Amino acid sequence: MSTIAIFGSYVLSHKDGVQHVLRDHWVLIEDRKIAAVTRDRPAAEQIYDKPGRLVLPGLMNLHNHCFSEAVARSHTEDGNGRRNNQSIVYTVLLPLTKRGADLLTREERLSVARLGILQLLKGGATTVMEPFRNTIPEMFDAAEEMGIRFYGAPYLFSTSDAKAGADGVVRYAGDDGAADMATWDAQYQRWNGCGDGRISLAMSPHATDTCGPDLLKACAERARELGVPITTHLAQSRAEVETIGKRYGGRTPAQYLDWLGLLAPDLLAAHCIASTDDDLKLMAARGATVLNCPRVFARAGVTAAFSRFAEHGVRTVVGTDGYNMDLLGELNAASLISKIVSQCADVANSPELIESITATAADVIKRPDLGRIAPGATADLTVVDLTHPHLQPLFDVRRALVALANRANIDMVMVDGCVLIDAGRYVRGDEAAITSAGTAAIGKIWDLPEAQAAFGG
């Protein structure tokens, strides 16, 4: 039995169900579990004794897109790639990820996947839920190889070839629902439970406007048969709301999913920025979760406020979507944007936001063994170095984490009792080689004529 002891000047714990910060404690890990949290230095085979560290439960990012984020990176800021100020989903992300998945070799797709997961780990994430095109199964390979806890969510589409024309209007083509369900089933059989249980699948119908009623009902039935979460994009643009209203008798996207039986506690709905107050009340009543990703919308001048969803009683967690994969940065944005929108300084407070990517996120995916530091919990941990000048002097560690810290402060990441990041560096591979290979692969997509047209090059 392997044992590891980690000292924390601060250890995030819970007391009587309430978040609590312990001072000067040790966390003892035996194999894949937390064995003890104690003031006394325990005996262990490996000792990590560094002052000024904050030991957190492993951070959980329940909405991220490694591949599309890489395609869009440094191209879509400042409004670039938008037509008539419309979403880049249909001008850049869906068309170019579809083309890129076909263009790149298996090794090149794997290189992009490795680059994304490296960034997630270096940003402190121990768990990610990752929706991606089902023609990029290499996401599973990279996750298993690199050690992250991975909820793969291969997309299902009724129409997989949705594109915005020069006029900005989205046109939908294709009928892929049955084929995509067969692919999802095959990937479930191949991957679910791999990596000593770190690899799981989520059901991921892409969005309300790209998935028809029959596919959505089939997705819900299959997911509930297997006991896996369902994740989708919901009300992520006003154009989507208009499309659903025209197709389905004036229903909003939330009402559409409720009509089909998907609006339920197992639904993780990304974005929801174009939801009405009544939609949010309905989501709260049904027990659904909002995946709030504020920065991807902030770059377009849209405020996706964590506080708005939470104040309607909707369970809300924070993810990074297709922008920057920096979970601590996302918490900072969630805090600031919420305060601006509400004109109130105490909304989206630091304990609430930290809980959203630890204990609350674990509850969303029905993993009570994650998101908490306590004896018997699975040994997923994120350790933050608080000794940097921009974090000193230090009074409240949770406020400092949300308001002042960034991913460069991540010192250690442990998943399943295995150290993956130590002293800020990935220990299982060559970071420079991973970065170079992923960058070269994405460059082939950027060189495509359709990419040049999409980016205005």
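Overview of results
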{"read-out": "Sum of side-chain charges, SER342 neighbourhood, beta-carbon under 10 Å (Lys, Arg +1; Asp, Glu -1)", "value": "0"}
{"read-out": "Extension gain (nm, one decimal) between MET1 and LEU103, 0.36 nm per residue minus Cα-Cα", "value": "32.1 nm"}
{"read-out": "FRET efficiency estimate (nearest 0.05) - Cβ-Cβ, HIS388 to ARG23, R0 30 angstrom", "value": "0.95"}
{"read-out": "Cα gyration tensor shape for region 353-404, rounded if a/c is under 1.5, else prolate or oblate", "value": "prolate"}
{"read-out": "Calculated FRET efficiency for the pair THR303/ASP214, C-beta based, R₀ 35 Å, to 0.05", "value": "0.50"}
{"read-out": "Integer Hz, Karplus 6.51/-1.76/1.60 couplings in order for region 16-25, x for Gly and Pro", "value": "6, x, 10, 4, 8, 9, 8, 9, 6, 10"}
{"read-out": "Solvent exposure ordering (accessible area, 1.4 Å, most first) of GLU225, GLU355, GLU69, GLU30", "value": "GLU225, GLU30, GLU355, GLU69"}
{"read-out": "Solvent exposure of the chain as accessible area per residue, Å², 1.4 Å probe", "value": "37 Å²"}
{"read-out": "Difference of contour (0.36 nm per residue) and Cα-Cα distance, ALA179 to ASP422", "value": "83.2 nm"}
{"read-out": "Magnitude of the charge dipole, region 237-392, Cβ model with Lys/Arg +1 and Asp/Glu -1, debye to 20", "value": "400 debye"}
{"read-out": "Charge dipole (the chain, unit charges on Cβ, about Cα centre) - positive-most of MET414, SER307, GLN119", "value": "SER307"}
{"read-out": "Loop-resident sites, region 23-114, for trypsin sites (Lys or Arg not before Pro), counting at most 14 other Cβ within 10 Å (DSSP)", "value": "ARG39"}
{"read-out": "Summed residue charge, Cβ within 14 Å of PHE150's Cβ, Lys/Arg positive, Asp/Glu negative", "value": "-3"}
{"read-out": "Inter-label distance, nm, simple model (7 Å from Cα along the C-beta direction), ALA453/ASP16", "value": "6.5 nm"}
{"read-out": "Rounded to the nearest 10 Å², the accessible area of ASP422 at probe 1.4 Å", "value": "50 Å²"}
{"read-out": "Check: the chain dipole with +1 on Lys, Arg Cβ and -1 on Asp, Glu Cβ, in debye", "value": "520 debye"}
{"read-out": "Label corresponding to volume of the Cα convex hull per residue in Å³ when calculated from the structure given, among (i) 247; (ii) 139; (iii) 154", "value": "(ii)"}
{"read-out": "Distance (nanometres) between label positions extended 7 Å along Cα→Cβ at THR439 and ALA36", "value": "4.7 nm"}
{"read-out": "C-alpha center-to-center spacing [region 93-147, region 264-341] in angstrom", "value": "24 Å"}
{"read-out": "Fraction of accessible area attributable to carbon and sulfur, the chain (%, probe 1.4 Å)", "value": "51 percent"}
{"read-out": "Heavy atoms of ILE230 accessible to a 1.4 Å probe, total area in Å² rounded to 10", "value": "0 Å²"}
{"read-out": "Cβ-based charge dipole, region 176-246, positive-most Cα from THR210, TYR188, GLY227", "value": "GLY227"}
{"read-out": "Shape call, region 273-415: gyration tensor on alpha carbons, a/c limit 1.5", "value": "oblate"}
{"read-out": "Cut-off under 5 Å, modelled amide H: who pairs with TYR155 long-range", "value": "PHE132, ARG133, ASN134"}
{"read-out": "Cα gyration tensor shape for region 190-230, rounded if a/c is under 1.5, else prolate or oblate", "value": "prolate"}
{"read-out": "Local net charge near LEU353, Cβ-Cβ under 15 Å (Lys/Arg +1, Asp/Glu -1)", "value": "-1"}
{"read-out": "Partner lysines for LYS366 [C-alpha distance under 19 Å; skip if fewer than 8 residues away on the same chain]", "value": "LYS33"}
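The values are calculated or read from the model by the stated rules, or taken from the named source; none is laboratory data. Given the structure is predicted, the values throughout are model-derived calculations rather than measurements. Counting neighbours? That spans all protein chains shown, and the Cβs are built from the backbone with ideal geometry, glycine included. Heavy atoms of the whole protein, side chains included, go into the accessibility calculation; ligands, DNA and RNA do not. Shrake-Rupley method; radii C 1.70, N 1.55, O 1.52, S 1.80 Å.
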